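J.: Can you keep this structure in mind? I'll have questions shortly.
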Amino acid sequence: MEVHEGTVTIEVPEQPESGVGDVVFYNPRQEMNRDITVAVLRTWQDRTGDESYLDANAASGIRGVRAAAEGWNVTCCDYDTDAVEHCRTNFTRNDLDGRIVHRDANAYMHENKGVDVVDLDPFGTPIPFADAAFQCARSLVCVTATDTAPLCGAHFQSGVRSYSAVPRNTDFHAEMGLRILLSALARTAARYDVGVTPVLSHVTRHYVRTYLATSHRATDANATMDELGYVDHCEACLYRTTTEGLIANPHDVCPNCESTRINTAGPLWLGPTHEVDFVTDVRERITEELGTATRSRRLLDTIADEIDRPTHYDQHRLSKQWGISAISMDEFLEALTESGYEASRTHYGGTTFKTNADVEAMRRITT
Ligand SMILES: C[S@@+](CC[C@H](N)C(=O)[O-])C[C@H]1O[C@@H](n2cnc3c(N)ncnc32)[C@H](O)[C@@H]1O
Ligand SMILES: [Zn+2]
């Protein structure tokens, strides 16, 4: 079947309804992920003058073809014979040049270091490709992870195995997933004296996407490690607290309600998950021909306005906890800001928000 995205048209096989099969993979639900990637690549090229882009898990080559249409010097890599054939056809069909490599992505990245931008988009966890990616990429690593259940602690042991960290299934599960992923990526990069700065990240129910600017300096890798730490979360009252550093020192008792139902997660990335200037620049480069322009702009606006805190709350969950019916989000957030606290919506869900008020202050102010 033919698929149109942005300015390109590609050929992909009819996809099995279950989403599982051995045909070359294409997921229409990831169009916004790819549209935002195009806007990120425009921003990155304007800022750095970078030229080379590796689509390390290319499948149909849709990301690579779209990057080539933006003027990038593209390599598409896949170890699947049919995928490589599709990539060839799709570059030719769009009259674009691109290098197509039939290879294991890790082998290719180890042998071809110094690519400006590396994009990882495998099935499930990207961690098996992270070591090679941080050695191969010169300035930006883009990562999609679709294993959201392990990342957010719903599939606990799988999360522990993949990410060498303890995820917990909390009411901020989407952000838990992102911060577990960022932690594992940061620790991987640091092994090669590479520091990372997340310039943009977003999460849906189906995937986590993040863009990490890299710096090949040991001192920057040290600074990256300083962004890691732990979150203690009280299941009884939803109070959270964070501890910086790699030495876990979990609370036995909740400082707010004295319950012992404390869940500790980590090491998590506690630092910023985006840079506001970067997000604003990407938003400006979302143009009309992008199929998800409206949704992408809305998402980027929300992210740019999010206050920088390591966890978010869910207003409905809190109201349930307090045994009251929820007031409107606007009223709720206004009550917090009028009392001198910071508060913002977040992109993690319609009823989610961030604030520097703790649960007790929130309850006092909004009920
Ligand atoms: C989720 S698909 C990629 C989707 C594509 N990037 C898109 O946006 O539509 C993952 C691809 O990674 C490829 N892949 C998995 N392991 C690989 C490896 N070790 N080396 C190269 N490609 C690999 C698979 O063959 C598959 O085509
Ligand atoms: Zn508590």
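The values are calculated or read from the model by the stated rules, or taken from the named source; none is laboratory data. Just so it is clear, the model here is predicted, and its values are computed rather than measured. As a convention, Cβ positions derive from the backbone with ideal geometry for all residues, glycine included, and neighbour counts pool all protein chains shown. Heads up: the accessible areas ignore ligands, DNA and RNA and are worked out on the full protein's heavy atoms, side chains in. Shrake-Rupley method; radii C 1.70, N 1.55, O 1.52, S 1.80 Å.
J.: Name every residue in segment 248-286 that is away from ligand 2 (no atom under 16 Å from the Cβ) and at pLDDT below 95, in order of residue number.
T.: Ala248, Asn249
J.: Among the helices (runs of 4 or more DSSP H) lying completely within segment 104-152, list those that include at least 3 residues that are over 14 Å from the mean Cα position of the chain (by Cα).
T.: It comes to 105-111, 127-136.
J.: If I filter segment 336-365 down to residues being open to solvent by 20 Å² or more (accessible area, probe 1.4 Å) and assigned to a helix (DSSP H, G or I), which single residue comes out as nearest to Cys234 (Cα to Cα)?
T.: Once the filter is applied, the top-ranked residue is Glu360.
J.: Which condition number does Leu96 fail, the rest of (1) surrounded by fewer than 23 Cβ atoms within 10 Å (Cβ to Cβ); (2) more than 12 Å from ligand 1 (Cβ to nearest atom); (3) closer than 27 Å to Ala221 by Cβ being met?
T.: Leu96 satisfies all of (1) surrounded by fewer than 23 Cβ atoms within 10 Å (Cβ to Cβ); (2) more than 12 Å from ligand 1 (Cβ to nearest atom); (3) closer than 27 Å to Ala221 by Cβ except (3).
J.: Next up: So which residues in segment 273-303 are touching a residue at least 24 places away in the same chain (Cβ under 8 Å), touching a Lys or Arg at 6+ places or on another chain (Cβ under 7 Å) and open to solvent by 10 Å² or more (accessible area, probe 1.4 Å)?
T.: Arg283, Arg285, Thr302
J.: A further question follows. Looking at segment 216-324, what helices (runs of 4 or more DSSP H) fall wholly within it and have at least 3 residues that are more than 24 Å from the chain's Cα centre (by Cα)?
T.: By residue number, 315-322.
J.: In addition: Given the condition at pLDDT below 95 and closer than 21 Å to Ala149 by Cβ, answer yes or no: does some residue in segment 192-205 qualify?
T.: Yes, some residue in segment 192-205 is at pLDDT below 95 and closer than 21 Å to Ala149 by Cβ.
J.: What pairs come out if I take residues in segment 344-360 that are charged (D, E, K, R) and pair them with residues that are part of a strand (DSSP E or B) whose C-beta lies under 6 Å away, six or more apart or interchain?
T.: Arg345/Phe353; Lys354/Ser344
J.: Then there is this: Just need a number here: residues in segment 144-177 that are in contact with a Leu (Cβ under 8 Å, 6 or more places away or on another chain) and within 19 Å of Arg317 (Cβ to Cβ).
T.: 4
J.: Within the set of pairs 6 or more residues apart or between chains, which connect a residue that is under 19 Å from Met1 (Cβ atoms) inside segment 77-88 to a residue that is in a helix (DSSP H, G or I) and small (Gly, Ala, Ser) with Cβ atoms less than 7 Å apart?
T.: Cys87/Gly64
J.: Would you confirm whether any residue within segment 224-233 is within 25 Å of Ala248 (Cβ to Cβ), among the aliphatic types (A, V, I, L, M) and within 16 Å of ligand 2 (Cβ to nearest atom)? Don't jump to the end; show me each part of the working.
T.: In the first step, residues of segment 224-233 are kept if they are within 25 Å of Ala248 (Cβ to Cβ); the result is 224-233.
Among the residues that remain, those that are also among the aliphatic types (A, V, I, L, M) are: 225, 228, 231.
Now restrict to residues that are within 16 Å of ligand 2 (Cβ to nearest atom): 231.
Yes, some residue in segment 224-233 is within 25 Å of Ala248 (Cβ to Cβ), among the aliphatic types (A, V, I, L, M) and within 16 Å of ligand 2 (Cβ to nearest atom).
J.: Continuing with the same structure: For Thr337, state whether it is more than 24 Å from Arg29 (Cα to Cα), polar (S, T, N, Q) and more than 16 Å from ligand 2 (Cβ to nearest atom).
T.: Here the answer is yes, as Thr337 does meet what is asked.
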